[in-house]
Amino acid sequence: MRSTQNNQRRPAVFLDKDGTLIHDVPYNVNPALIRFLPGTREAIQCLHEAGFQLVVITNQSGVARGYFAEADLVQVEEHLRRRFEAWGARLAGFFYCPHHPDGSVPIYRTRCVCRKPEPGLLFSAADELNIDLSRSWFVGDILDDVEAGRRAGCRTVLVNTGGETEWVITPRRLPHYITDDLARAARLITSTPATGRAVTEAAWAG
Ligand SMILES: [Mg+2]
Ligand SMILES: [Zn+2]
């Protein structure tokens, strides 16, 4: 059963949302304030055409902090989904962590396994969408994204849009690649052999 499924598993590109796809407006759930970063359209089209499933993986501690309701995230997902479709692509999944250990809303106040850098959301997505993690990538703007991707067995690209300010690099927080924008990340991913040896050193791809 499992081996049959493996044959059908597809690669994905997991995408962080804030600071990677869109400008980071802290705790925003208003679609009118969503602004895509330069290069996003080109990147989404490029990755879709290359056969990657596109999956958003996002920490949304605003739920645990009581800033907005979990239901408010539906309109954010819908906004992204419609935009991807307008670009001729498809959003395969939108996975979020509503938790935070210091949250003010009791049911969300927990140290969970889905808040990045934990890789739980990637494992959930892989199960639900039949994704081959070993052929997949995580693209994000901070090292917590990189760590979540590495812990799930994916290759990683850090898009350096200014979101990361600490830069404490450990082996599992070491990006496989670093780029300036999402379009470059997409070109890099689609030009890297799927079955190549694991990349163990970071490389600047300017
Ligand atoms: Mg981010
Ligand atoms: Zn969580």
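Would you mind telling me which numbered condition in (1) more than 16 Å from ligand 2 (Cβ to nearest atom); (2) part of a helix (DSSP H, G or I); (3) under 21 Å from VAL139 (Cα atoms) ALA125 fails?
The one condition ALA125 does not meet is (1).
crowded, with 16+ Cβ neighbours inside 10 Å, over 17 Å from the mean Cα position of the chain (by Cα) and within 16 Å of ligand 1 (Cβ to nearest atom) - does that describe any residue in segment 38-50?
no
Return the residue satisfying two criteria in turn: it lies in segment 70-103 and is within 16 Å of ligand 2 (Cβ to nearest atom) and surrounded by fewer than 17 Cβ atoms within 10 Å (Cβ to Cβ), and of such residues it is farthest from LEU121 (Cα to Cα).
Top of the filtered list is ASP102.
Of the conditions (1) among the β-branched types (Val, Ile, Thr); (2) within 12 Å of ligand 2 (Cβ to nearest atom); (3) touching a strand residue (DSSP E or B) at 6+ places or on another chain (Cβ under 9 Å), ILE107 fails just one. Which one is it?
(3)
Looking only at segment 104-122, count how many residues are away from ligand 1 (no atom under 13 Å from the Cβ) and crowded, with 19+ Cβ neighbours inside 10 Å.
Counting residues in segment 104-122 that are away from ligand 1 (no atom under 13 Å from the Cβ) and crowded, with 19+ Cβ neighbours inside 10 Å gives 6.
Please work out which one of (1) out of contact with any Asp or Glu (no Cβ under 7 Å at 6 or more places or on another chain); (2) closer than 29 Å to ARG184 by Cβ; (3) without any contact (Cβ under 8 Å) to a residue 60 or more places away in the chain; (4) not basic (Lys, Arg) is the condition PHE94 fails and give its number.
Unmet condition: (1).
Here, each number is a calculation from the coordinates, and none is a lab measurement. Note that this is a predicted model, so its numbers are computed, not measured. Quick reminder, even Gly has a Cβ in these numbers, built from the backbone with ideal geometry, and neighbours come from all protein chains shown.
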